[in-house]
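Remarks on the structure that follows.
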Amino acid sequence: MNEQKLMACQECDALQRIPHVDPGRKALCRECGSLLYRNPRGGMERPLALMSGAFLFYLLANLFPLVTLDIGGASRDTSLAGTGWALYQHDMKLLGILVLATTVMVPGTLIGGTLYVLTGLYWKKQLPGMRNVLLLLSHMHPWEMADVFVISVLVALVKMSGMAEVIVDVGLYALLAAIVLGIAARGGMDMFLMWELLERMQGKPRIADSAIDAGEAG
């Protein structure tokens, strides 16, 4: 007999059996119609390629300056990590640590960890610590604020453009590219499906095709 898995709806907490859905389709809550999980088209290949690109651009964003300010002939540039470090050195240690955590450490961990898990799932190989990495990713996503940081930088650049010559460097373009590719990669992923694929690799029961209490939609 197939083991039937249960899932609680994140919106109404209704507990229900969930079906296996075909690529391009999604499972909906039988009570409120909210999304339970979806099965994106293309499998792991598309998000793996996009996240690989995001990883490369994120490395470039950390290697090159974000912007250069030219004030009266004196130039000064700053990098992604340099912004938090500058705050830390100017008696704003807590804010500096927070900026470093949310713009460097958390995004780097998310991109690297997601790429690590996707690589294992794509090649169907049980990499060391995959389960722990996926668990960490599930809890860290709300703390990723690189996109908020970029918006803040753009607003600051507009305000400073009247006081100094602002030169946008390679690092900022690379960071924007990393954010866009990361968002596109996550659009082709579903956390529940990734857990299901991991459990399947470990020989645990799959979602029962006969569990049809939850709704299914295209």
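The values are calculated or read from the model by the stated rules, or taken from the named source; none is laboratory data. Small disclaimer: the values here were computed from a predicted structure and weren't measured. No Cβ is skipped: glycine too gets one built from the backbone with ideal geometry, and neighbour counts run over all protein chains shown.
Filtering 68, 78 for residues that are polar (S, T, N, Q) and modelled with pLDDT of 80 or more leaves a single hit, 68.
Residues checked against (1) modelled with pLDDT under 85; (2) in the same structural domain as residue 123 (by TED's automatic domain parsing); (3) not hydroxyl-bearing (Ser, Thr, Tyr):
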{"site": "4", "(1), (2), (3)": "yes, no, yes"}
{"site": "16", "(1), (2), (3)": "yes, no, yes"}
{"site": "20", "(1), (2), (3)": "yes, no, yes"}
{"site": "23", "(1), (2), (3)": "yes, no, yes"}
{"site": "29", "(1), (2), (3)": "no, no, yes"}
{"site": "36", "(1), (2), (3)": "yes, no, yes"}
{"site": "47", "(1), (2), (3)": "no, yes, yes"}
{"site": "52", "(1), (2), (3)": "no, yes, no"}
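Residue-wise test of (1) surrounded by fewer than 17 Cβ atoms within 10 Å (Cβ to Cβ); (2) modelled with pLDDT under 75; (3) under 20 Å from residue 47 (Cα atoms).
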{"position": "129", "(1), (2), (3)": "yes, no, no"}
{"position": "149", "(1), (2), (3)": "no, yes, no"}
{"position": "156", "(1), (2), (3)": "yes, yes, no"}
{"position": "161", "(1), (2), (3)": "yes, yes, no"}
{"position": "167", "(1), (2), (3)": "yes, no, no"}
{"position": "177", "(1), (2), (3)": "no, no, yes"}
{"position": "181", "(1), (2), (3)": "no, no, yes"}
{"position": "185", "(1), (2), (3)": "no, no, yes"}
{"position": "188", "(1), (2), (3)": "no, no, yes"}
